[in-house]
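If you scroll down you'll find the structure; I have some questions about it.
The values are calculated or read from the model by the stated rules, or taken from the named source; none is laboratory data. Here the structure is a predicted model, which is why all the values come from computation and not from measurement. Reconstructed Cβ throughout: ideal geometry from the backbone, glycine too, with neighbour counts over all protein chains shown.
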Amino acid sequence: MASVNLIAPSILSCDFSRIGEEIKSVEKAGADWIHVDVMDGQFVDNITLGPPVVASLKKVASLPLDVHLMIVNPEKYVESFIKAGADILTIHVEATQNVGSTLNRIRELGAKPGITLRPQTDIQAIEPYLKLVDLALVMTVNPGFGGQSFMPEQVDKVNYLARWAKVHNPQLFIEVDGGINTETAKTCRQAGANVFVAGNFVFKNKDYGSAINSLRG
């Protein structure tokens with residue numbers, strides 16, 4: 001499998017008034033990636049940030065920026081986000097009619113492509129695209145807002161991806177995002193996940209390092 005037990009704190013849960021300091025703090029605490037949630041108010045109800053903010057984050061962060069696009073027609077924006085500094089760029093299978101070409105474009109532009117899906121979408125919807133990506137993200141909450149409860153039925157998707165990766169691409173990053181804490185991370189890790197996105201669990205903890213280490217198992 002790919003390098004296991006990578007922790008990607010989600011800045012959606014950080015203190016935005018001191019976001020640069022927050023990024024430096026989780027880097028010092030042992031994070032591996034910085035997870036950036038991009039929402040457009042259309043694919044999901046919330047609105048977050050765009051390429052200019054990602055460019056600002058890139059000036060501060062020394063770790064890879066793991067950018068999750070929860071936006072419609074992501075093909076219009078992948079170049080802007082990669083120019084801004086996205087190292088990993090994940091799109092939703094439901095968000096565009098041009099999934100394959102968009103993933104190929106992300107790679108051509110020098111970033112690692114990722115694919116994801118809503119909890120209600122069958123895992124087989126992304127299988128045709130798994131050979132085009134470096135990362136497959138399983139949403140263990142409904143995308144759009146932080147602080148939701150973990151959906152245990154989504155672990156079946158992690159199992160599915162782990163079986164697929166064992167045969168087709170042992171280097172695939174299998175990422176989980178939503179309600180991740182010590183217990184749910186363990187459940188997902190046992191199913192085959194190797195990248196763990198955590199927002200509230202890290203940023204609402206007084207000791208970022210302790211929170212991050214507990215997610216590694």
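Residues that are buried (at least 22 other Cβ atoms within 10 Å of the Cβ) and in a helix (DSSP H, G or I): does the stretch 185-197 have at least one?
Yes, because at least one residue in the stretch 185-197 is buried (at least 22 other Cβ atoms within 10 Å of the Cβ) and in a helix (DSSP H, G or I).
Another question, then. Quick test for you: out of 181, 98, pick the one residue that is within 29 Å of residue 16 (Cβ to Cβ), out of contact with any His (no Cβ under 7 Å at 6 or more places or on another chain) and not β-branched (Val, Ile, Thr). Even if it seems obvious, please write down each step before you answer.
Details: 98 fails: within 29 Å of residue 16 (Cβ to Cβ).
Sole residue among the options that is within 29 Å of residue 16 (Cβ to Cβ), out of contact with any His (no Cβ under 7 Å at 6 or more places or on another chain) and not β-branched (Val, Ile, Thr): 181.
Here is a follow-up. Hey, can you tell me all the residues within the stretch 37-52 that are out of contact with any helix residue (DSSP H, G or I) (no Cβ under 6 Å at 6 or more places or on another chain) and either touching a residue at least 24 places away in the same chain (Cβ under 8 Å) or under 13 Å from residue 83 (Cβ atoms) (or both)? Steps first, please.
To start, the set of residues in the stretch 37-52 that are out of contact with any helix residue (DSSP H, G or I) (no Cβ under 6 Å at 6 or more places or on another chain) comprises 38-50, 52.
Passing the criteria: 38, 39, 40, 42, 43, 44, 45, 46, 48, 50, 52.
What are the pairs, 6+ residues apart or on separate chains, where a residue within the stretch 8-28 that is under 19 Å from residue 177 (Cβ atoms) has its Cβ under 6 Å from a residue that is aromatic (Phe, Trp, Tyr) and surrounded by 14 or more Cβ atoms within 10 Å (Cβ to Cβ)?
8/33; 13/203; 14/203; 26/208
In addition: Taking the stretch 105-131 as the region of interest, how many residues are over 20 Å from residue 193 (Cβ atoms), of a type outside the set (Asp, Glu) and assigned to a helix (DSSP H, G or I)?
4
Another question, then. Among the residues in the stretch 75-82, are any under 16 Å from residue 137 (Cβ atoms), out of contact with any Ser or Thr (no Cβ under 9 Å at 6 or more places or on another chain) and surrounded by 16 or more Cβ atoms within 10 Å (Cβ to Cβ)?
yes
A further question follows. Please go through the stretch 158-173 and pick out each residue that is under 27 Å from residue 46 (Cα atoms) and in contact (Cβ under 8 Å) with a residue 40 or more places away in the chain.
173
From the list 141, 155, pick out the single residue that is farther than 22 Å from residue 64 by Cβ, in contact (Cβ under 8 Å) with a residue 24 or more places away in the chain and assigned to a helix (DSSP H, G or I).
Working: 141 fails: assigned to a helix (DSSP H, G or I).
That would be 155, the only listed residue that is farther than 22 Å from residue 64 by Cβ, in contact (Cβ under 8 Å) with a residue 24 or more places away in the chain and assigned to a helix (DSSP H, G or I).
Given the conditions (1) assigned to a helix (DSSP H, G or I); (2) buried (at least 17 other Cβ atoms within 10 Å of the Cβ), and given that residue 59 satisfies all but one, which numbered condition is not satisfied?
Among (1) assigned to a helix (DSSP H, G or I); (2) buried (at least 17 other Cβ atoms within 10 Å of the Cβ), residue 59 violates only (2).
Would you mind stating whether residue 166 is closer than 22 Å to residue 128 by Cβ, not aliphatic (A, V, I, L, M) and not in a loop (DSSP other than H, G, I, E, B)?
When the stated conditions are applied, residue 166 passes them.
Let me ask something else. Hey, among the residues in the stretch 123-164 that are more than 14 Å from the chain's Cα centre (by Cα) and at pLDDT below 95, which one's surrounded by the fewest Cβ atoms within 10 Å (Cβ to Cβ)?
Here the residue is 149.
Moving to a separate point now. Determine which member of the set 54, 67 is within 15 Å of the chain's Cα centre (by Cα), part of a helix (DSSP H, G or I) and either at pLDDT 95 or above or surrounded by fewer than 17 Cβ atoms within 10 Å (Cβ to Cβ) (or both).
54
Please specify each residue of the stretch 120-148 satisfying the condition of being under 25 Å from residue 49 (Cβ atoms) and among the charged types (D, E, K, R).
134
Which of the following residues is under 18 Å from residue 126 (Cβ atoms), among the hydroxyl-bearing types (Ser, Thr, Tyr) and assigned to a helix (DSSP H, G or I): 96, 102, 90?
From the options 96, 102, 90, the qualifying one is 102.
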